[in-house]
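Structure first, then comments.
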Amino acid sequence: MLLAPLSAQASCYKPSMSSYSEPSLPSRPFKPYCAAIKTCLPWEVDKYQREMENYVEELKRYVQQAHKAAHAYAEDAVKYAKCELNEE
């Protein structure tokens, strides 16, 4: 009789944040040195601008991936809580 609650609780899976893949935060591009002394050539400005545009896109992907992982964790946490409530 004492084993019934223990075996029932063993079927509930408690989620852990470490189980969800954390996205990699992108690195911000370095501003070219020529910008500090205002001697940049057009190609240097264009290159930096492209790097910043890529950085912004990577940040958007980071946010989407982080949101997706957090949502999956939250769903699993709710399932776990419901499982615990039903099996006590």
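The values are calculated or read from the model by the stated rules, or taken from the named source; none is laboratory data. Since we're looking at a predicted model, the values are computed, not measured. In this analysis, Cβ positions are derived from the backbone assuming ideal geometry, glycine residues included, and neighbour counts consider all displayed protein chains. Just the protein is used for accessible areas: all its heavy atoms, side chains included, with ligands, DNA and RNA removed. Shrake-Rupley method; radii C 1.70, N 1.55, O 1.52, S 1.80 Å.
Couplings 3J(HN,Hα) for the range 65-71, derived from phi with the Karplus relation 6.51 cos²θ - 1.76 cosθ + 1.60 (θ = phi - 60°), are 5, 5, 5, 4, 5, 5, 5 Hz, where x marks Gly and Pro.
Give me the 1.4 Å probe accessible area per residue for the chain, excluding ligands and nucleic acids, in Å².
Here the residues of the chain average 85 Å² of exposed surface.
Within the assembled protein chains, the solvent-accessible surface assigned to residue 17 is about 110 Å², based on a 1.4 Å probe.
Per the 1.4 Å probe, what fraction of the accessible area of the chain, in percent, lies on carbon and sulfur atoms? The nonpolar share, carbon plus sulfur, comes to 60 percent.
Between residue 46 and residue 25, the simple label model (points 7 Å from Cα in the Cβ direction) yields a spacing of 3.3 nm. Bridging of residue 31 to aspartates and glutamates at a Cα separation below 14 Å is possible for 44, 46, 51, 53, once same-chain residues fewer than 8 apart are set aside.
Give the average over all directions of the projected area of the C-alpha convex hull of the range 32-87, one decimal, in nm².
Values: hull surface 19.7 nm².
Computed as one quarter of the Cα hull surface, the answer is 4.9 nm².
The stretch between residue 66 and residue 36 holds 7.4 nm of extra length on full extension. This uses 0.36 nm per residue minus the Cα-Cα distance.
Mark the label point 7 Å from the Cα of residue 73 along Cα→Cβ and return the residues of the range 10-28 whose backbone N is within less than 18 Å of it. Flagged as within label range: 13-26. Computed from backbone phi with θ = phi - 60° and the Karplus coefficients 6.51, -1.76 and 1.60, the 3J(HN,Hα) list for the range 25-38 is 7, x, 8, 6, x, 7, 5, x, 4, 4, 5, 5, 10, 6 Hz; x is used for glycine and proline. In sequence order, the range 42-55 has phi-based couplings of x, 5, 5, 5, 4, 4, 5, 5, 5, 4, 5, 5, 5, 4 Hz under the Karplus curve 6.51 cos²θ - 1.76 cosθ + 1.60, θ = phi - 60°, and Gly or Pro positions carry x.
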